[in-house]
Amino acid sequence: MDSGPGRFPGGTEIAAVQAEQIRHVLVVGAGLGGLRTVEALRSNGYDGRISLVGAERHLPYDRPPLSKQLLAGTWEADRVTLRAADGYDDLGIRTYLGTRAVGWQPGRVELDDGATLHADAVVVATGVVARTLPGLPDTAHTLRTLDDSLALRTALDEASSLAVVGAGFVGAEVASAARDRGIDVTVLEALSVPFARALGEQLGGLCGRLLVESGARLRTGVGIEGFDGDTLLLADGDRVTADVTLVGIGAEPQLGWLSGSGIDVTRGLVCDAAGRVEGIDGLWAVGDVAAWWDDVLDRPVRREHWTSTVEQAAIVGATIAGGEPPAAGVPYFWSDQFGLKVQLFGRPEPATRHVALHGDGLDGGPVKGTVVGLLRDDTLVAVAGFGAARRVARYRALVGAGASVAEVEEMARSLA
Ligand SMILES: Cc1cc2nc3c(=O)[nH]c(=O)nc-3n(C[C@H](O)[C@H](O)[C@H](O)COP(=O)(O)OP(=O)(O)OC[C@H]3O[C@@H](n4cnc5c(N)ncnc54)[C@H](O)[C@@H]3O)c2cc1C
């Protein structure tokens with residue numbers, strides 16, 4: 001990476017010069033990242049033309065409730081809207097909803113209705129699409145969109161059993177909502193420990209315990225060989241049939257529309273630390289599609305999390321507008337499952353060891369109340385908490401500062 005804020009001298013000056021030349025910003029993807037980018041452009045004083053293109057017919061909406069409140073039936077669809085319909089007049093933008101971008105060339109984007117939009121800056125915020133399995137029957141569900149969530153909710157209304165393929169966050173949240181309705185749940189996970197990729201084996205094990213303690217059946221180390229109608233055929237020869245099947249095996253960046261552009265999308269859209277797509281003038285990316293340069297890990301990292309999307313949109317909007325971009329925060333994600341909040345601040349990737357800070361979950365005691373520090377040698381790189389939101393928040397600054405183990409233990413004593 002050869003550019004980015006602080007990576008070349010006079011970065012702010014260059015950004016200001018660019019901002020004056022930008023008369024039309026085209027944001028592709030009308031989800032969280034797309035809308036927040038538009039809002040940041042306006043709040044930083046950009047008064048040029050803005051277009052927002054979104055494949056879905058819905059106004060931009062929030063996804064975390066899709067596997068939580070909406071699925072549980074405690075919220076209706078109108079509550080997930082990110083900005084009320086009449087709030088778009090204030091933004092002064094042109095929206096193209098139900099319209100898909102199908103091609104990009106420098107300075108222009110082709111749409112699926114045959115139109116071409118020319119723009120001085122294009123921001124890609126097209127998110128991810130749920131992975132599926134070969135031969136997946138039409139009756140099986142994935143969960144990524146508002147329509148997916150409503151369809152799954154309707155199916156669960158009639159169901160007494162649910163099979164979940166993949167013990168990731170979406171799978172666990174759906175399992176949790178189904179257990180709350182008294183539905184019999186079987187979760188099938190290919191790895192030997194659920195959540196191991198996101199959290200590592202020890203913390204993943206705690207999430208696995210939450211599943212099992214809810215009464216769900218968890219089968220790990222089991223692959224899916226195929227389907228016989230609605231029945232799942234397992235690699236070990238077993239068969240699982242349930243009224244509803246949900247496949248939650250991760251997601252892929254929605255970047256097929258850039259194929260043919262010459263842009264390398266194999267790792268998502270690789271960007272500098274301000275969201276400029278590497279090597280391409282006038283192209284930016286935010287949210288789940290974007291692999292932003294991470295100064296701490298010294299490599300581009302793609303995070304599929306709400307908070308990083310919001311932060312990236314604020315930085316890109318401010319930078320394009322010639323404003324002062326906010327500083328990037330400590331990476332964060334949460335998941336609500338089985339009556340508690342699972343949270344993680346920081347970058348768990350380089351951790352070499354754990355230290356239990358509160359609660360006895362790692363020793364087989366209750367998962368709720370457990371807070372764990374993840375350390376790289378003697379430096380705190382992340383903190384995870386299970387039903388301990390207030391305590392976890394107290395470690396955020398220590399994670400950001402790369403505190404020593406002694407400082408972390410002192411904090412744990414003060415909060416005991
Ligand atoms: C069920 C669920 C639960 C979640 N829960 C949590 C949580 O608890 N905590 C957390 O931190 N994160 C959570 N997330 C993740 C969080 O919602 C995402 O990180 C965030 O939505 C990413 O925003 P985005 O703008 O990148 O993508 P999205 O919000 O997915 O928006 C992308 C939009 O682009 C559109 N699009 C795609 N291709 C095109 C195209 N070619 N042309 C035009 N438009 C296109 C899509 O249709 C979509 O509307 C959850 C996600 C899901 C699906």
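With respect to residue 192, determine if the residue is over 18 Å from residue 249 (Cβ atoms), surrounded by fewer than 23 Cβ atoms within 10 Å (Cβ to Cβ) and not charged (D, E, K, R). Outline the logic, then answer.
Values: over 18 Å from residue 249 (Cβ atoms): no; surrounded by fewer than 23 Cβ atoms within 10 Å (Cβ to Cβ): yes; not charged (D, E, K, R): yes.
For residue 192, the condition - over 18 Å from residue 249 (Cβ atoms), surrounded by fewer than 23 Cβ atoms within 10 Å (Cβ to Cβ) and not charged (D, E, K, R) - is not met.
Looking only at the stretch 278-310, which residues are over 19 Å from residue 345 (Cβ atoms) and in a loop (DSSP other than H, G, I, E, B)? Lay out the reasoning, then the answer.
Keep residues of the stretch 278-310 that are over 19 Å from residue 345 (Cβ atoms), which gives 278-291, 293, 298-300.
Selection gives 278, 279, 280, 281, 282, 286, 298.
Every residue, every condition in (1) within 28 Å of residue 253 (Cα to Cα); (2) under 22 Å from the mean Cα position of the chain (by Cα); (3) buried (at least 24 other Cβ atoms within 10 Å of the Cβ), yes or no:
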position	(1), (2), (3)
133	yes, yes, no
140	yes, no, no
180	no, no, no
201	yes, yes, no
206	no, yes, no
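Which residue out of 70, 41, 26, 59 is assigned to a helix (DSSP H, G or I) and within 11 Å of the ligand (Cβ to nearest atom)?
Details: 41 fails: within 11 Å of the ligand (Cβ to nearest atom); 26 fails: assigned to a helix (DSSP H, G or I); 59 fails: assigned to a helix (DSSP H, G or I).
The match here is 70.
Given the criteria within 30 Å of residue 223 (Cβ to Cβ), out of contact with any His (no Cβ under 6 Å at 6 or more places or on another chain) and more than 9 Å from the ligand (Cβ to nearest atom), does residue 95 qualify? Quick ask: steps written out before the conclusion?
Values: within 30 Å of residue 223 (Cβ to Cβ): no; out of contact with any His (no Cβ under 6 Å at 6 or more places or on another chain): yes; more than 9 Å from the ligand (Cβ to nearest atom): yes.
No, not satisfied.
Run residue 342 past the list (1) surrounded by fewer than 18 Cβ atoms within 10 Å (Cβ to Cβ); (2) in a strand (DSSP E or B); (3) not aromatic (Phe, Trp, Tyr) and report the number of the one that doesn't hold.
It is condition (1) that residue 342 fails.
Could you pull out the residue among 2, 62 that is out of contact with any Gly (no Cβ under 6 Å at 6 or more places or on another chain), modelled with pLDDT of 95 or more and surrounded by fewer than 18 Cβ atoms within 10 Å (Cβ to Cβ)?
Values: 2 fails: modelled with pLDDT of 95 or more.
Exactly one residue qualifies, and that residue is 62.
How about the stretch 352-389: which of its residues are modelled with pLDDT under 95 and either under 25 Å from the mean Cα position of the chain (by Cα) or hydroxyl-bearing (Ser, Thr, Tyr) (or both)?
352, 354
Could you check the stretch 390-406 and list, in sequence order, the residues that are more than 25 Å from the chain's Cα centre (by Cα) and loosely packed, with under 14 Cβ neighbours inside 10 Å? Please lay out each step first, then the result.
Initially, the stretch 390-406 is screened for residues more than 25 Å from the chain's Cα centre (by Cα), giving 403-406.
The one that is more than 25 Å from the chain's Cα centre (by Cα) and loosely packed, with under 14 Cβ neighbours inside 10 Å: 406.
Six or more apart or on different chains, Cβ under 8 Å: which pairs go from a residue in the stretch 335-349 that's farther than 26 Å from residue 299 by Cβ to one that's of a type in the set (Phe, Trp, Tyr) and surrounded by fewer than 21 Cβ atoms within 10 Å (Cβ to Cβ)? Could you list them?
Going by the 8 Å Cβ cut-off, the qualifying pairs are 341/334.
Given (1) surrounded by fewer than 23 Cβ atoms within 10 Å (Cβ to Cβ); (2) under 19 Å from the mean Cα position of the chain (by Cα), where does residue 284 come up short, assuming only one miss?
(1) is the only condition that residue 284 fails.
Residue-by-condition table, conditions (1) within 30 Å of residue 95 (Cα to Cα); (2) β-branched (Val, Ile, Thr); (3) in contact with a helix residue (DSSP H, G or I) (Cβ under 8 Å, 6 or more places away or on another chain); (4) assigned by TED's automatic domain parsing to the domain that holds residue 31:
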| position | (1), (2), (3), (4) |
| --- | --- |
| 120 | yes, no, yes, yes |
| 155 | no, no, no, no |
| 161 | no, no, no, no |
| 170 | yes, yes, yes, no |
| 175 | no, no, yes, no |
| 182 | no, no, no, no |
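Is it true that some residue in the stretch 308-316 is without any contact (Cβ under 8 Å) to a residue 24 or more places away in the chain and either in contact with a Leu (Cβ under 9 Å, 6 or more places away or on another chain) or not assigned by TED's automatic domain parsing to the domain that holds residue 43 (or both)?
no
Only one of 119, 155, 190 is closer than 24 Å to residue 310 by Cβ and not β-branched (Val, Ile, Thr). Can you tell me which? Before you say what the answer is, go through the steps one by one.
Numbers: 155 fails: closer than 24 Å to residue 310 by Cβ; 190 fails: closer than 24 Å to residue 310 by Cβ.
Exactly one of 119, 155, 190 is closer than 24 Å to residue 310 by Cβ and not β-branched (Val, Ile, Thr), namely 119.
Starting from residues that are free of Cβ contacts under 8 Å to residues at least 40 places away in the same chain and within 13 Å of the ligand (Cβ to nearest atom), keep the ones in the stretch 111-122 and report whichever is nearest to the chain's Cα centre (by Cα). Step through it out loud before you land on a result.
Taking the stretch 111-122 as the starting set, the residues that turn out to be free of Cβ contacts under 8 Å to residues at least 40 places away in the same chain are 112-116.
Still in the running and within 13 Å of the ligand (Cβ to nearest atom): 112-113, 115.
On the way: 112: 26, 113: 29, 115: 30 Å.
Residue satisfying both the conditions and the ranking: 112.
Which residue, of 167, 125, 172, is within 12 Å of the ligand (Cβ to nearest atom), among the hydrophobic types (A, V, I, L, M, F, W, C), surrounded by 22 or more Cβ atoms within 10 Å (Cβ to Cβ) and under 30 Å from residue 355 (Cα atoms)? Lay out the reasoning, then the answer.
Working: 167 fails: within 12 Å of the ligand (Cβ to nearest atom); 125 fails: under 30 Å from residue 355 (Cα atoms).
None of the other options fit; the residue is 172.
Here is a yes/no grid of residues against (1) of a type in the set (D, E, K, R); (2) outside any helix (DSSP H, G or I); (3) under 26 Å from residue 349 (Cα atoms); (4) without any contact (Cβ under 8 Å) to a residue 24 or more places away in the chain:
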| residue | (1), (2), (3), (4) |
| --- | --- |
| 173 | yes, no, yes, no |
| 176 | no, no, no, no |
| 179 | yes, no, no, no |
| 215 | no, yes, no, no |
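Got a sec? Which of 326, 331, 300, 350 is more than 13 Å from the ligand (Cβ to nearest atom) and in contact with a helix residue (DSSP H, G or I) (Cβ under 7 Å, 6 or more places away or on another chain)? Reasoning before the result, please.
On the way: 331 fails: more than 13 Å from the ligand (Cβ to nearest atom); 300 fails: in contact with a helix residue (DSSP H, G or I) (Cβ under 7 Å, 6 or more places away or on another chain); 350 fails: in contact with a helix residue (DSSP H, G or I) (Cβ under 7 Å, 6 or more places away or on another chain).
When all the criteria are applied, what remains is 326.
Need a quick list: strands (runs of 3 or more DSSP E) entirely within the stretch 346-398 having at least 3 residues that are among the small types (Gly, Ala, Ser) and not assigned by TED's automatic domain parsing to the domain that holds residue 200. Don't jump to the end; show me each part of the working.
Details: elements: 353-358, 370-376, 379-386.
Output list reads 379-386.
Of the conditions (1) within 16 Å of the ligand (Cβ to nearest atom); (2) farther than 27 Å from residue 69 by Cβ; (3) not acidic (Asp, Glu), residue 358 fails just one. Which one is it?
(1)
The values are calculated or read from the model by the stated rules, or taken from the named source; none is laboratory data. All of these numbers come straight from a predicted model, not from anything done at the bench. No Cβ is skipped: glycine too gets one built from the backbone with ideal geometry, and neighbour counts run over all protein chains shown.
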